[in-house]
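Contents: one structure, followed by commentary.
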């Protein structure tokens, strides 16, 4: 594998990890949001 190809593969892996991270943050926000609404209604 050429060094350039290796660096590109590393970038793709990091980009995928960042996408999963942002998706998880969004899921956490969705999960915690109803809890905040329930506290206001109670």
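Confirm whether residue 39 is surrounded by 10 or more Cβ atoms within 10 Å (Cβ to Cβ), over 13 Å from the mean Cα position of the chain (by Cα), part of a helix (DSSP H, G or I) and modelled with pLDDT under 90. Criteria not met by residue 39.
Close Cβ contacts (under 6 Å, 6 or more residues apart or on different chains) running from residues in the range 10-34 that are at positive phi to residues that are at pLDDT 90 or above and surrounded by fewer than 10 Cβ atoms within 10 Å (Cβ to Cβ) are absent.
Among the residues of this structure, residue 19 counts as one that is surrounded by 10 or more Cβ atoms within 10 Å (Cβ to Cβ) and at pLDDT 80 or above.
The values are calculated or read from the model by the stated rules, or taken from the named source; none is laboratory data. All figures in this text were calculated on a predicted structure; none of them were measured in a lab. Note that each Cβ is placed from the backbone with ideal geometry, even for glycine, and that neighbours are counted across all protein chains shown.
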